[in-house]
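Beneath this line is the structure, given in structure tokens, with notes to follow.
The values are calculated or read from the model by the stated rules, or taken from the named source; none is laboratory data. Predicted model only: the values in this text are computed from it and were never measured. Note that each Cβ is placed from the backbone with ideal geometry, even for glycine, and that neighbours are counted across all protein chains shown. Surface areas here come from the heavy atoms of the whole protein model, side chains and all, with no ligands, DNA or RNA. Shrake-Rupley method; radii C 1.70, N 1.55, O 1.52, S 1.80 Å.
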Amino acid sequence: MSNSANHNWSAVVAAGPSASSAVADDAPATVETIRHLYLHIPFCARICPYCAFYKDLLDRSQTARFCEALLRDLDKQCAAFDISAKTIYFGGGTPTALTTSQLEFLLEGFHQRLDLSALEEWTIEANPGSVSARKAALLAKLKVNRISLGVQSWDDGLLKILGREHNASQAEKSFHTLRDAGFRNINIDLMFGLPGQSTEQWKTTLEKTIALLPEHISAYCLTYEEDTEFFLRQSRGELKANPDWDASLFEMTMSILEDFGYEQYEISNYARPGFSSVHNRAYWSGEDYLGIGPSAFSTVGMRRWQNLADYRGYADRVLSRQSPIGSTENLNSEMKRAERIALLLRTREGISAALLNDRQQTIEEFVGLSLLRQSNGNFVLTQKGKSLADSVAEAFL
């Protein structure tokens, strides 16, 4: 369910070759301080048919052992790196599928192991079906200050199509529960371009969301990802993408949200002033980060690695003092440059002219097509260009 950028590297770069345990375990210490941490909790009460992130059905017999492995992995990272957390992001899966006592165990474990004096943002993803007043109060008490609530739609029929375990009433109740617990930085996750979704349904979902006054809204277009039920159904002709219709919904989203004071600071992310995601902006700007948990990516300097995408295997390795890393990749300057272009192009600030200094002809073509414009020395996507962001980025890679 995650909107954390930690999940998105597979769309930017191909996975590296498999690393042996001995090689992967030798993650070099960095001179620079690590300021961003991602923790992956893959458990879900139900598997959504559109989700391509690593996840598994909740198994209560495994969760305590898994939580112990996460903190053991954190111990190892603390020994290898200088960590002074500016942001922490718990994604999934569904982190709030854990019990209140397990969440307390994890959060207190982070407090005990980390210097949190510089912490600005601690986000936890929550499913409306697993939010309770007790959990919300615990999260607030232990310094979580941002919640990402996976609503997706306010239409019960569409929620059923998406395989969500909650209904619209539960989602609204969960939002108010979080507000009552003191949370003043809440993101609501939404999806458009859904099978059977009408323009009016999407407009109603946006209006309903705006009425709740969340500080942040993520609005993603449904994509048919490999290894999902929706992808199989599309390949059989049961579901069909409609790029023109998706583009019209995207344009409606930009227009409505910006009219109500939400700044589009990244293609799919809108925030009230001062509430853009510090964690995800760090990914997009190319800062180092560490990932803990199964399938989580880390990037430090010119090296990237991904943990084994199997929570049982991950826990087995960590608890037996073996490396949980499944693959590793050595980056080079050209790969880093390509990533920065692909990611920064999606942001409000855009790309510096210096980063594109060898692509003058391509720049001129896109400016001529009204897909790019110049702003403060950078090139940024126009409103028209935002609908074609992937194609524009690909031309520079």
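Trypsin sites (Lys or Arg not before Pro), restricted to region 245-337: which are DSSP loop and have at most 12 other Cβ atoms within 10 Å? Walk me through the numbers before you get to the answer.
On the way: sites: 281, 303, 304, 312, 317, 321, 336, 337; in loops: 321.
Loop-located and lightly packed - 321.
Which cysteines does the chain leave without a neighbouring Cys Cβ under 4.7 Å?
44, 67, 78, 221
Just to confirm the filter: which chymotrypsin sites (Phe, Trp or Tyr not before Pro) across region 343-397 are DSSP coil and have at most 12 other Cβ within 10 angstrom of their Cβ?
On the way: sites: 366, 379, 396; in loops: none.
In loop regions of region 343-397 (DSSP not H, G, I, E or B), there are no sparsely surrounded chymotrypsin sites (Phe, Trp or Tyr not before Pro).
Give the separation of the Cα centroids, region 74-152 to region 318-345, in Å.
So the two Cα centres are separated by 23 Å.
Per residue, how many Å² of accessible area does the chain show with a 1.4 Å probe?
Numbers: 16700 Å² over 397 residues.
Ligands and nucleic acids excluded, the figure is 42 Å² per residue.
So if R0 is 30 Å, what FRET efficiency would residue 394 and residue 232 give, r being the distance between their Cβ atoms, rounded to the nearest 0.05? The partial results should precede the final answer.
On the way: r = 26 Å, r/R0 = 0.88.
Using R0 = 30 Å, I get an efficiency of 0.70.
Please turn the phi angles of region 285-294 into ³J(HN,Hα) values with the Karplus equation 6.51 cos²θ - 1.76 cosθ + 1.60 (θ = phi - 60°), one per residue in order, whole Hz, x for glycine and proline.
Along region 285-294, the couplings run 8, x, 6, 5, 7, 10, x, 10, x, x Hz.
Considering only 230, 279, 382, whose Cα is most displaced toward the positive end of the charge dipole of the chain, charges sitting on Cβ of Lys, Arg (+1) and Asp, Glu (-1)?
Value: 279.
Skipping prolines and chain starts, which residues have an amide H placed within reach, meaning under 5 Å, of the one on residue 82, given they are 5 or more residues away or on another chain?
It is 30, 34, by chain and number.
If you place +1 on the Cβ of every Lys and Arg, -1 on the Cβ of every Asp and Glu, and leave all else neutral, what size is the dipole of region 95-173 about its Cα centre, to the nearest 20 Debye?
Details: 9 positive and 10 negative charges, 40 e Å.
I would put it at about 180 debye.
Test of the criteria: in region 246-301, which chymotrypsin sites (Phe, Trp or Tyr not before Pro) are in a DSSP loop and have at most 16 other Cβ atoms within 10 angstrom of their Cβ? Could you put the intermediate results ahead of the total?
Values: sites: 250, 260, 262, 265, 270, 275, 283, 284, 289, 297; in loops: 260, 262, 275.
Within region 246-301, the qualifying chymotrypsin sites (Phe, Trp or Tyr not before Pro) (loop, at most 16 other Cβ atoms within 10 Å) are 260.
Report the net charge of residues surrounding residue 195, where surrounding means a beta-carbon distance below 9 angstrom and charges are Lys +1, Arg +1, Asp -1, Glu -1. Working shown, then result.
Values: positive: 233, 240; negative: 238.
It works out to a net charge of +1.
Under 26 Å Cα-Cα from residue 336, which lysines qualify once same-chain neighbours fewer than 8 residues away are excluded?
86, 386
Would you please report the Å³ per residue occupied by the convex hull of the alpha carbon atoms in region 115-177? All intermediate terms of the calculation are to be shown ahead of the outcome.
Details: hull volume 5.1 nm³, N = 63.
Per residue, the Cα convex hull of region 115-177 comes to 82 Å³.
Report, in whole Å, the centroid distance computed from the Cα atoms of region 364-397 and region 222-255.
23 Å
Which residue, 107, 148, 193, has the largest displacement toward the positive end of the dipole of region 96-206 when charges sit on each Cβ (Lys, Arg +1; Asp, Glu -1)?
Going by the charge dipole, the pick is 107.
Which value results when the Cα radius of gyration for the chain is divided by 2.2 N^0.38 Å?
Values: Rg = 20.7 Å, N = 397, 2.2 N^0.38 = 21.4 Å.
For the chain, the normalised Cα radius of gyration is 0.97.
What's the FRET efficiency of residue 61 with residue 252 using the Cβ-Cβ distance as r and R₀ = 56 Å, to the nearest 0.05?
On the way: r = 46 Å, r/R0 = 0.82.
With R0 = 56 Å, the Cβ-Cβ based efficiency is 0.75.
Report, to the nearest whole %, how much of the accessible area of the chain belongs to carbon and sulfur atoms, 1.4 Å probe, protein only.
Working: 8260 of 16700 Å².
Taking all protein chains in place, the chain shows 49 percent carbon and sulfur surface.
What is the distance, in nm, between label points placed 7 Å from the Cα along the Cα-to-Cβ direction at residue 47 and at residue 335?
Rounded to a tenth, the inter-label distance reads 3.0 nm.
From the helices alone, meaning DSSP H stretches of at least four residues, give me the mean residue ellipticity at 222 nm for the chain, per-run term -39500 (n - 2.57), in deg cm²/dmol to the nearest 500. List each step's numbers first, then the result.
Details: 16 runs with 158 residues, N = 397.
One gets -11500 deg cm²/dmol as the mean residue ellipticity at 222 nm.
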